[in-house]
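Read the structure below first, then the notes.
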Amino acid sequence: DIQMTQSPSTLSASVGDRVTITCRASQSIGSWLAWYQQKPGKAPKLLIYKASNLESGVPSRFSGSESGTGFTLTISSLQPDDFATYFCQQYNSFPRTFGQGTKVEI
Amino acid sequence: EMQLVESGGGLVQRGGSLRLSCAASGFTFSTYAMSWVRQAPGMGLEWVSAIFGGGTTTFYADSVKGRFTISRDNSKNTLYLQMNSLRAEDTAVYYCAKDPAGGATPFWGQGTLVTVSS
């Protein structure tokens, strides 16, 4: 199984900060990676698919990038609505696997 | 507009069974792989099972293999998850999702809560 190692597990930041979350795959997954945002009691919301493609309706302050087996989600200027938990997911192969999550808090 | 609506969750005793359903609309259901993903209270996301569009190819997480069965009825645009021999550790919100197999854009439902009592 492909392991997804996500860091950090918790991130303290302020409005306006530039925030970076990383996921590293245990083996090559191509660009088959998605990023999700989840708020308490809600379903995960797709932000980025295929490593760097912004889902329709998602603000442009969110971006994704990749370098080998490393993937990065960047929020260029953190907004109050962005305080949430973020997950990465690889979909190169089954079983699909997720990162452990990053909680972005004030 | 794409929609996935899960149903069938609830409280069940350990060792019992439950069948979840997921009604799909707004896309050509039969052409997409579908998945179930779960999230235990306060925990991360765990992929459970997937099925390809034709319904004959399936995948399972080791934690549910032999106990859960995924299926679909393309004539009804509905995905199912039959859960048998339920354990306390199966307690979770179960999400139905359009799987990103083949480059499809993922899409998730709102989830249904399954609680297994001991």
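Derivation of every value follows stated rules applied to the coordinates shown; laboratory data play no part. All values reported here derive from a predicted model rather than from experimental measurement. Don't worry about glycine lacking a Cβ; one is built from the backbone with ideal geometry, like all the others, and counts go over all protein chains shown.
A few remarks follow.
- Here the strands (runs of 3 or more DSSP E) wholly within chain A that include at least 3 residues being touching a residue at least 60 places away in the same chain (Cβ under 8 Å) and surrounded by fewer than 20 Cβ atoms within 10 Å (Cβ to Cβ) are A:10-12.
- From the options B:T78, B:T91, B:T57, residue that is out of contact with any Asp or Glu (no Cβ under 8 Å at 6 or more places or on another chain), closer than 22 Å to B:V116 by Cα and among the hydroxyl-bearing types (S, T, Y): B:T91
- Residue in region B:98-108 that is within 11 Å of the chain's Cα centre (by Cα), facing chain A (nearest Cβ under 8 Å) and not charged (D, E, K, R) present: yes
- Yes/no for B:S85 being touching a residue at least 12 places away in the same chain (Cβ under 8 Å), in a strand (DSSP E or B) and polar (S, T, N, Q): no
- Failed criterion for B:G55 (all others in (1) more than 12 Å from chain A (Cβ to nearest Cβ); (2) not in a loop (DSSP other than H, G, I, E, B) hold): (2)
- Candidates A:S9, A:S60, A:S65, A:S28 - the one that is more than 13 Å from chain B (Cβ to nearest Cβ), within 27 Å of B:W36 (Cβ to Cβ) and among the hydroxyl-bearing types (S, T, Y): A:S28
- Residue that is farthest from the other protein chains (Cβ to nearest Cβ), among those in region B:13-52 that are part of a strand (DSSP E or B) and of a type in the set (V, I, T): B:I51
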